[in-house]
Amino acid sequence: MERDELIERFRADLHRPLSERYYSEDELLEIFDVAGDEYDDYLRSEVLLLGAHLYPDSRELLGRRAIYYRQTNTDAFNSFLGDNPTEISPLWEILRLATLTGPKEAIVDEVEKFIATARLDEDEEVIQFVQALHTLGLDSWLVKNLDMIRGKVTYLPTLLYEIAVTAEDSPVLDGIAIKMLEELTEIEPYSPEYWTLLAYSYLNHDRLDDAKTALDYALAINPDNVEALKTRLRTLDDAETAEIDRVLERLAELDPSDPDIALLAVMRADEAGEAAKARRLLDKFHPQVKSSRALVAKAIALGYDALDEMLMNLYDSGIVDREEWLSLAEVAYSTGEPLMLQSVLRIYQAKAGQPLNHDFLMSRMLFATKQYELAVNIFANADESGTLRRPENLYVAYSQYLLILLRLGRYAEAREAVMAMKNMLDTEPGMPGNKMERYGASVFMNDILSRLDNPAATDWDSYDPLGLDKA
C-alpha cells in the first residue's frame, strides 16, 4: 500500500512546477521501476526529468535512463551506451550484453564470463539479466544454468517471478514457470499477486482444480484483489451465473474504469436477454471507460441512446484512426438502424474535420431503403478515398449497381455495365477475390445478359440471386 500511495502522490504532483516537487532518490527509483512493470512510459519519463533536476549526478538514475532507452528507442539506447563508455556496474554490463550479435557460441561465452564474477544484488539487475537472456535467445541456457544463477542473486523471489512472467513469451521458460511460481508462493505465502499468477499459469496448462485452489488462497488473503477476481471468472462454468454476476458486480465496484470488466458485464447482461440492464451498465461505465472501441461497438449494437457522447469521448481519448471508425460504421450498419450509422458518420466528421466517407455502407443503406437514384449517384461519383471501390467490396457494390439499373428500367446502361465487368473478368488477371468469387460474378453477369434479351420477362424488383436485398 505504501508503494501505491507513493505512485499516486507522484501522479498528483505532476501538475505542479518541477521546482515544487521533491522526492528522495530511492523514491524516484521505486516509482520508475513500478511504472516499468505497468508499461507506463509517461510516468517513467517524468521520473527521469525530475531525477535529472534533483540528482544530476546519480549513477542509479543514469542506469534507469539506459533502461528507458533500451525499451523505447533502440537507436537512442545504442547512442546512449556509446556516450557512456566508462559506466561500469553489473546493470550497465547486462545492458551491454543485451546488444551482443554474432555466433551464439560467442554470445554465450560473453554471458558466462560476466556471470562468473558478477553478483546480482539489485532487483533491477536480476530483471534486466533475465530479459537480456531472453532477447539473446538464451532461455535454454538460463534453464540449464538456473542452479548456478540462483547462487548469484541476493533476493531469490525476484528471479523466480521474472522467469515466470517472461515465460508468457517463451515456450522454453513456460515449461518451468509453474515450478518457479510454486516455489515463490512457498517463500512468500501471503502475496495474493503470486497466488494469482500461479492460478493463471495453471489455467494455461489446463489444471483447473489447481487454479481454483490457488485463487482460494489469493482471495483469502485479499478478497478484493482485482486480478484474482478477474482470473476467478476464467474458472467459472457458464452455468454458475450467480457467482459470475457476483464477481462482476464486485469488480465493477472496485475498478469501474477497467474496459474489460465493463465490456464483460454489458455482454453478459445482453446475452441474458436483459437489454435494459445492459444499457444501465453502460450508463455506469461509459463516463469512466472512454477509450474502449469494443465497448462503443457494443453500445451501438444495443442502440444506446447516449451513443453520441461515447463516440465523442472515444475520439477525444485518442482513438482517431479512420479504419477503426470505418469498422464502427460497419457495426452500426449491421444493426439496421440508420440513426446509429448517422451518429458514427456525424461525430467523426465533427471531430476529424472531414467526412469518414464510407460510401460503400451509404450505398448499401440507400439500396435497402430503395433510394435507388441516390445510390446510383454515390456509385458513379465514388473516389479512391472512399470504401466503395475497395477490392473486398467491389463485387457486392457492382452487383448492387446492376440491380438498381435494372429496377430503374435503365437496360441499356445495365447491358453496358455487364459487358464492362465481363471484359475485366476475362482479361485482367489482377481482379480481386478468389477463384470462386470471380466465377460467381461471371455467372451473375451471364444470367443478366440472357435476361436482357427479353427484359420484360423478368420481375427485376424480386430478382435477387445474390441475396442483396437481405444482406
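The values are calculated or read from the model by the stated rules, or taken from the named source; none is laboratory data. Please read all numbers here as calculations on a predicted model, not as lab measurements. Cβ placement follows ideal geometry from the backbone for every residue including glycine, while neighbour counts extend to all protein chains displayed. When the accessible area is computed, the model is the full protein with side chains, heavy atoms only, and any ligands, DNA or RNA have been set aside. Shrake-Rupley method; radii C 1.70, N 1.55, O 1.52, S 1.80 Å.
Tell me, which helices (runs of 4 or more DSSP H) lie completely within the stretch 354-471 with 3 or more residues that are within 22 Å of residue 323 (Cβ to Cβ)?
359-368, 394-407
Looking only at the stretch 456-471, count every residue that is open to solvent by less than 30 Å² (accessible area, probe 1.4 Å) and over 45 Å from the mean Cα position of the chain (by Cα) and tell me the total.
The number of residues fulfilling the criteria is 2.
Would you check if there is a residue in the stretch 388-405 being open to solvent by 60 Å² or more (accessible area, probe 1.4 Å) and among the small types (Gly, Ala, Ser)?
Taking every residue of the stretch 388-405 in turn, none turns out to be open to solvent by 60 Å² or more (accessible area, probe 1.4 Å) and among the small types (Gly, Ala, Ser).
Tell me the residue from 184, 197 that is crowded, with 19+ Cβ neighbours inside 10 Å, within 24 Å of residue 223 (Cβ to Cβ) and in contact with a Pro (Cβ under 8 Å, 6 or more places away or on another chain), please.
Just a single option satisfies the conditions, and that option is 184.
Could you check the stretch 227-242 and list, in sequence order, the residues that are of a type outside the set (Gly, Ala, Ser), in a helix (DSSP H, G or I) and either at pLDDT 90 or above or over 22 Å from residue 197 (Cβ atoms) (or both)?
Answer for the stretch 227-242, where residues must be of a type outside the set (Gly, Ala, Ser), in a helix (DSSP H, G or I) and either at pLDDT 90 or above or over 22 Å from residue 197 (Cβ atoms) (or both): 227, 229, 230, 231, 232, 235, 241.
Exactly one condition in (1) open to solvent by less than 30 Å² (accessible area, probe 1.4 Å); (2) in contact (Cβ under 8 Å) with a residue 24 or more places away in the chain; (3) farther than 30 Å from residue 316 by Cβ; (4) of a type outside the set (Gly, Ala, Ser) is false for residue 366; which is it?
Only one criterion in (1) open to solvent by less than 30 Å² (accessible area, probe 1.4 Å); (2) in contact (Cβ under 8 Å) with a residue 24 or more places away in the chain; (3) farther than 30 Å from residue 316 by Cβ; (4) of a type outside the set (Gly, Ala, Ser) is unmet by residue 366, namely (2).
When you check residue 39 against the structure, is it surrounded by fewer than 12 Cβ atoms within 10 Å (Cβ to Cβ) and either over 22 Å from residue 127 (Cβ atoms) or not aliphatic (A, V, I, L, M) (or both), yes or no?
yes
Any residue in the stretch 138-163 that's in a helix (DSSP H, G or I): show its pairings with residues that are basic (Lys, Arg) at Cβ separation under 8 Å, as long as the two are six or more apart or on different chains.
156/150; 159/150
Is it the case, given these coordinates, that residue 55 is of a type outside the set (Asp, Glu), at pLDDT 90 or above and either surrounded by 12 or more Cβ atoms within 10 Å (Cβ to Cβ) or out of contact with any strand residue (DSSP E or B) (no Cβ under 7 Å at 6 or more places or on another chain) (or both)?
yes
Go through the stretch 302-323 and count every residue that is surrounded by 14 or more Cβ atoms within 10 Å (Cβ to Cβ) and under 24 Å from residue 392 (Cβ atoms).
2
Could you identify the single residue in 177, 220 that is small (Gly, Ala, Ser) and either open to solvent by less than 60 Å² (accessible area, probe 1.4 Å) or on the phi > 0 side of the Ramachandran plot (or both)?
Only one candidate passes the filter, namely 177.
Scan the stretch 4-26 for residues that are in a helix (DSSP H, G or I) and within 18 Å of residue 42 (Cβ to Cβ) and report the count.
Step one: filter the stretch 4-26 for residues in a helix (DSSP H, G or I), giving 4-13, 18-20, 25-26.
Still in the list and also within 18 Å of residue 42 (Cβ to Cβ): 4, 6-13, 18.
The total comes to 10.
Name the single residue that is nearest to residue 119 (Cα to Cα) among those in the stretch 74-101 being open to solvent by 60 Å² or more (accessible area, probe 1.4 Å) and assigned to a helix (DSSP H, G or I).
93
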